[in-house]
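Reviewing the structure listed below.
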Ligand SMILES: O=C(COP(=O)(O)O)N(O)CCCCO
Ligand code: NA
Ligand SMILES: [Zn+2]
């Protein structure tokens, strides 16, 4: 069934597991996520960035929002796993309102590049509007480095747990994304991978609601290798290893945002298949390995996070 993201995340919070939040831009990735969820009997959170809304609507983001809601609801209505649709990194009022009007389960208002008071003020407004429409809200505190679709945050600014307490009390936001050392994309750490567990624990103690880990892709070496064997150049790619994700879930993370891992698995399979099948040009055939690898990277993640078997 199609559910509110809050329902999925409150259950995950209660039972101490993580749920993958998986980004899509097209029908194929939605197919793979649903297949993986059904196979593992896991709840799934589908998420789209503002860029994905524009892309799906061929430039018209309101159209794109409607297309995603109709596609996701069609799958969700007949799947016996909980499925939610979330707007990821909503920065523009127009996009957020379009997602709410189209029927998204939840929206993120990402005002993290603004000073604390401004972030709080903007988030409060969005919460009022979203809650009036029965839609739950995610916000971000602190800043991730790395590329975030439109904006590039220069440095990591880790969340201040005291600020998180005030922020949640003031805004009544449903789930919070604290910046704890990760960043978006395939090049997350200069040195060894590490995130600030104590900071997660402190925020959890204060806000007592589901927490979100952004920049959580593992950049799985197996798929990086296959992609590079077939012409990709991902030199220096490094993500969040599975054992760090497990620890982060223990500390209170419940929604685990994952985009880069799906992209790498897909392009690894696509490159391998195209290199090995020079005569093939049927789009129902040449995604075969891309599909297989993308489903694999999702089912593995459901095991790591503990959402497998929880639908
Ligand atoms: O936090 C994440 C996931 O980040 P990643 O999958 O790159 O680790 N997202 O919000 C997904 C979109 C970010 C741009 O790729
Ligand atoms: Na999000
Ligand atoms: Zn993110």
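The values are calculated or read from the model by the stated rules, or taken from the named source; none is laboratory data. Quick caveat: nothing in here was measured; it's all calculated off a predicted structure. Here the Cβ is made from the backbone with ideal geometry for all residues, glycine too, and neighbour counts use every protein chain on show.
Residues that are assigned to a loop (DSSP other than H, G, I, E, B), away from ligand 1 (no atom under 14 Å from the Cβ) and surrounded by 18 or more Cβ atoms within 10 Å (Cβ to Cβ) within the stretch 110-129 comprise just one, 111. Output yes when any residue across the stretch 224-232 is part of a loop (DSSP other than H, G, I, E, B), away from ligand 3 (no atom under 16 Å from the Cβ), without any contact (Cβ under 8 Å) to a residue 24 or more places away in the chain and over 19 Å from the mean Cα position of the chain (by Cα), and no when none is. No: the stretch 224-232 contains no residue that is part of a loop (DSSP other than H, G, I, E, B), away from ligand 3 (no atom under 16 Å from the Cβ), without any contact (Cβ under 8 Å) to a residue 24 or more places away in the chain and over 19 Å from the mean Cα position of the chain (by Cα).
None of 216, 139 is within 14 Å of ligand 1 (Cβ to nearest atom), in a loop (DSSP other than H, G, I, E, B) and within 25 Å of residue 3 (Cβ to Cβ) except 216.
Residues checked against (1) within 16 Å of ligand 1 (Cβ to nearest atom); (2) touching a strand residue (DSSP E or B) at 6+ places or on another chain (Cβ under 8 Å):
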| site | (1), (2) |
| --- | --- |
| 53 | yes, yes |
| 58 | no, no |
| 62 | no, no |
| 67 | no, no |
| 77 | no, yes |
| 80 | no, no |
| 86 | yes, yes |
| 97 | no, no |
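Yes/no matrix, rows are residues, columns are (1) on the phi < 0 side of the Ramachandran plot; (2) modelled with pLDDT under 95; (3) surrounded by 18 or more Cβ atoms within 10 Å (Cβ to Cβ); (4) within 12 Å of ligand 3 (Cβ to nearest atom):
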| residue | (1), (2), (3), (4) |
| --- | --- |
| 175 | yes, no, yes, no |
| 187 | yes, yes, yes, no |
| 203 | yes, no, yes, no |
| 212 | yes, no, yes, yes |
| 215 | no, no, yes, yes |
| 220 | yes, no, yes, no |
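Being under 17 Å from residue 18 (Cα atoms), out of contact with any helix residue (DSSP H, G or I) (no Cβ under 8 Å at 6 or more places or on another chain) and crowded, with 17+ Cβ neighbours inside 10 Å: is that true of residue 249 here? Considered against the rule, which asks whether it is under 17 Å from residue 18 (Cα atoms), out of contact with any helix residue (DSSP H, G or I) (no Cβ under 8 Å at 6 or more places or on another chain) and crowded, with 17+ Cβ neighbours inside 10 Å, residue 249 comes out as no.
May I ask you to verify whether residue 245 is in a helix (DSSP H, G or I), under 15 Å from the mean Cα position of the chain (by Cα), under 30 Å from residue 143 (Cβ atoms) and away from ligand 2 (no atom under 16 Å from the Cβ)? When the stated conditions are applied, residue 245 passes them. Contact map, the stretch 66-93: residues that are within 18 Å of residue 109 (Cβ to Cβ) paired with residues that are away from ligand 1 (no atom under 16 Å from the Cβ) and assigned to a strand (DSSP E or B), Cβ distance under 8 Å, separation 6+ or inter-chain. Pairs shown: 84/2; 85/2. Taken over the stretch 2-43, the residue count meeting the criterion of being in contact (Cβ under 8 Å) with a residue 60 or more places away in the chain and touching a strand residue (DSSP E or B) at 6+ places or on another chain (Cβ under 7 Å) is 18.
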